[in-house]
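The values are calculated or read from the model by the stated rules, or taken from the named source; none is laboratory data. In this text the structure is predicted, and so the values were computed from the model without any measurement. With ideal geometry, Cβ positions are generated from the backbone for all residues, glycine too; neighbour counts draw on all protein chains shown. What goes into the accessible areas is simple: the full protein's heavy atoms, side chains included, and nothing from ligands, DNA or RNA. Shrake-Rupley method; radii C 1.70, N 1.55, O 1.52, S 1.80 Å.
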Amino acid sequence: MGIMASNISWDEFNHQLKEAFNIKMKYVDDLYFNVIKRFDVGGEFVKLNDMESLDCLQHMREMNGELCVITDYCYKKKCGPFIVDASEINNFVKDFYAEYGEVFCSTDIIIISFAEKLIWVLFHEGICWLSEGKLTFKKLK
């Protein structure tokens, strides 16, 4: 059974990111704002399999609705982020290697709910975090 996912363009992703979170992303580090949960998964040299990686992210908060999923594959193949329904995320990850010939988690994993304004990140240095809401800037007086 094939994976139930589609892709959006990087331009569309950047537009949605700006609208939902008031940010631009050049590096994964740019998503480290308004962090509501964070934990270490064992350091930079811990290797998690694909389902363990997803478990770390889901541990922070339940995933609902349409999700934007970014893996190394999205960059390498220039296909843009995947769009996956939360009800299918486990199957998407479980079948990723069979469908795309690459592991789901090779370095960084980003999962975004634009509707709920949530960003789950599994960072290659062995850190997971969950960001919530728009980035706001305070004016200096």
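As for the stretch 95-106, it holds at least one residue that is more than 18 Å from residue 122 (Cβ to Cβ), in a helix (DSSP H, G or I) and out of contact with any Ser or Thr (no Cβ under 9 Å at 6 or more places or on another chain).
Considering only residues in the stretch 1-25 that are part of a loop (DSSP other than H, G, I, E, B) and at pLDDT 95 or above, the one that is most open to solvent (accessible area, probe 1.4 Å) turns out to be 9. Being touching a strand residue (DSSP E or B) at 6+ places or on another chain (Cβ under 7 Å) and in a strand (DSSP E or B): is that true of residue 119 here? For residue 119, the condition - touching a strand residue (DSSP E or B) at 6+ places or on another chain (Cβ under 7 Å) and in a strand (DSSP E or B) - is met.
Selection over the stretch 86-97 of residues that are over 13 Å from the mean Cα position of the chain (by Cα) and open to solvent by 10 Å² or more (accessible area, probe 1.4 Å) gives a count of 7. Going through the stretch 103-132 one residue at a time, which ones are more than 16 Å from residue 89 (Cα to Cα) and of a type in the set (A, V, I, L, M)? If the condition is that a residue be more than 16 Å from residue 89 (Cα to Cα) and of a type in the set (A, V, I, L, M), then 115, 127, 130 are the ones that fit.
Could you identify the single residue in 35, 28 that is open to solvent by less than 40 Å² (accessible area, probe 1.4 Å) and not small (Gly, Ala, Ser)? Before the answer, list the steps.
Values: 35 fails: open to solvent by less than 40 Å² (accessible area, probe 1.4 Å).
Matching residue, one of 35, 28: 28.
If the condition is being hydroxyl-bearing (Ser, Thr, Tyr), out of contact with any Phe, Trp or Tyr (no Cβ under 7 Å at 6 or more places or on another chain) and either farther than 25 Å from residue 40 by Cβ or exposed (fewer than 15 other Cβ atoms within 10 Å of the Cβ) (or both), then the stretch 98-136 contributes 107, 136. Report yes if some residue within the stretch 67-82 is among the small types (Gly, Ala, Ser) and either without any contact (Cβ under 8 Å) to a residue 40 or more places away in the chain or surrounded by fewer than 17 Cβ atoms within 10 Å (Cβ to Cβ) (or both); otherwise report no. Within the stretch 67-82, not a single residue is among the small types (Gly, Ala, Ser) and either without any contact (Cβ under 8 Å) to a residue 40 or more places away in the chain or surrounded by fewer than 17 Cβ atoms within 10 Å (Cβ to Cβ) (or both).
Counting only residues that are in contact with a Cys (Cβ under 8 Å, 6 or more places away or on another chain), open to solvent by 60 Å² or more (accessible area, probe 1.4 Å) and closer than 24 Å to residue 95 by Cβ, the stretch 38-51 holds 1 of them.
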